[in-house]
Amino acid sequence: MQGLSFSNKVILAPMVRVGTLPMRLLALDYGADIVYCEELIDLKMIQCERVVNDVLETVDFIGPDERVMFRTCSKEKDRVVFQMGTADPKRALAVAQLVENDVAAVDVNMGCPKEYSTKGGMGSALLSDPDKIEAILTTLVRGISKPVTCKIRILPTIKETVNLVKRIEKTGVSAIAVHGRMKEERPRHPVHCDYIQAVAESVSIPVIANGGSVDHVKTHDNIEMFREATGASSVMLARAAMWNPSIFRSQGAVSVDEAMEEYIKYAVCYDNNTFNTKYCLCQMLKDRVESPMGKRLHAAQTSAEICEVFGMTDFYKKAQADLEARKSYLQANSSSLSDQPTLDGDVITMAVKFERREYPPQITPKMYLLEWSRKEKLEQPVYETEQRAQDRAFQSTVTVANKKYRSTLWSKSKKFAEQAAAIVCLRTLGVPEGRIGEENSGLVNKRKREERKQGISEDSGITDSTNRKRRITEPSQKDEQETNDKMMVVNGSCGQTVP
């Protein structure tokens, strides 16, 4: 399969709580060829919605609780590998299809020995079920266009390990990473270079050696020594990179303090979770975590406070100013860019979303559209809603006066998708939609008077017609209160465009 090559590479290993966007970008800056994200569980990822974040210039995968589960950007697109935890071929494929256009490859974690992974049959638990391994990898290789890899731990004997790897190779994966410890072993145990070497000699695909941070890799020069000791094609670093990501720097590592400062810049620029940032910085501090600086870091509760600990308050203020400038620019131009209707076949489309906070309580675009239709003596709007399998997002098309209207953006709920379709229709027709600050059309006041008299509900008479994908038949619920998207911190020096 064409695409990302795993031969002769130095790679940032997947690390939970460490391998988020700031660490990945920093590793690339220092010389890593490929970076893996932290393991992300299929059951969580499958519920995410893919959102283009124009403020940060990132692509975010956001869960139902509004948490950013995975964030990536164009700078790493051709070199980031998405690692998932899974024990189910269908779920694995759904997640892979959700992210494949934003990453360079997809990896399955088959080596994590921690309970949170193994209790669901994931991670190293898969090593005892080669049939499931084969089913997952074969499904992924056949189902996506990007390279598929996996990361394993060694089995009790070299023969068992080699037999498993040969079976994995037959699935069509592009590479295999081998952590040279058994699932019962921990970093204090020596890495088994002879196992990795036996694997490398038994297959034709690239083998990535992992597990040498404690015993073998102290400096950049040691990376090549570890590669030679294992006979592997490439080397993957975890702890050595976590302690100082400049281990990837061919000219030699910079000081940990310098690396921490660069990490903080990325963390601020890309609005990294504060507690995740603190965790990574504490790993870099190591035995200095109990120092006065370490204690101040531990007490910090915001990115601003973290920056204060490291004497970077001016940087933070500039980042905030850049954020506001970009946010204002986007807000000023968003309406002119998104409010241009486009004909897609027989459907009029716009890129709009329903934002609950933009409308008064109990006022919605659907309400305005229904009232306008009644006033014009038209048939009531008909909503046709479908749900996308891979991420469970919704899209709705509304038919009014024999014309169809739809938003090109998918929504997190059926209700929000219908509201977005109504917005497209109303804006195309030049009819008020009920937003805060909009001139009152009188439609809703009349409607409410009629409701008090007749006891009718907002959506009475509005029906869903059969659609071509998944039928949505459940009754309309109350409009959800959509949480304000957390505004992101930007800094022009990080590559974002700040007008």
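The values are calculated or read from the model by the stated rules, or taken from the named source; none is laboratory data. Keep in mind the model is a prediction, meaning the values are calculated, not measured. Every residue, glycine among them, receives a Cβ derived from its backbone with ideal geometry; neighbour counts consider all protein chains shown. These accessible areas exclude ligands, DNA and RNA; they are computed on the full protein's heavy atoms, side chains included. Shrake-Rupley method; radii C 1.70, N 1.55, O 1.52, S 1.80 Å.
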_Considering only region 364-371, I want to know if a residue exists there that is surrounded by fewer than 19 Cβ atoms within 10 Å (Cβ to Cβ) and not polar (S, T, N, Q)._
no
*Is it the case that region 395-408 has a residue that's within 29 Å of V95 (Cβ to Cβ), touching a Lys or Arg at 6+ places or on another chain (Cβ under 7 Å) and surrounded by fewer than 22 Cβ atoms within 10 Å (Cβ to Cβ)?*
no
_Of residues in region 315-336 being of a type in the set (S, T, Y) and loosely packed, with under 14 Cβ neighbours inside 10 Å, the one modelled with the highest pLDDT_ = S328
*Among the candidates G211, G231, which residue alone is within 30 Å of V162 (Cβ to Cβ), touching a strand residue (DSSP E or B) at 6+ places or on another chain (Cβ under 9 Å) and modelled with pLDDT under 95?*
G211
_Top-ranked residue of region 149-180 - restricted to ones that are charged (D, E, K, R) and in a helix (DSSP H, G or I), ranked as surrounded by the most Cβ atoms within 10 Å (Cβ to Cβ)_ = E169
*In region 379-408, what count of residues is obtained for those that are out of contact with any Cys (no Cβ under 8 Å at 6 or more places or on another chain), over 18 Å from G345 (Cα atoms) and assigned to a loop (DSSP other than H, G, I, E, B)?*
7
_Against the condition touching a helix residue (DSSP H, G or I) at 6+ places or on another chain (Cβ under 8 Å), without any contact (Cβ under 8 Å) to a residue 60 or more places away in the chain and closer than 29 Å to K44 by Cα, how does L409 come out, does it pass?_
yes
*Please give the strands (runs of 3 or more DSSP E) falling wholly within region 29-148 in which 2 or more residues are open to solvent by 40 Å² or more (accessible area, probe 1.4 Å).*
49-53
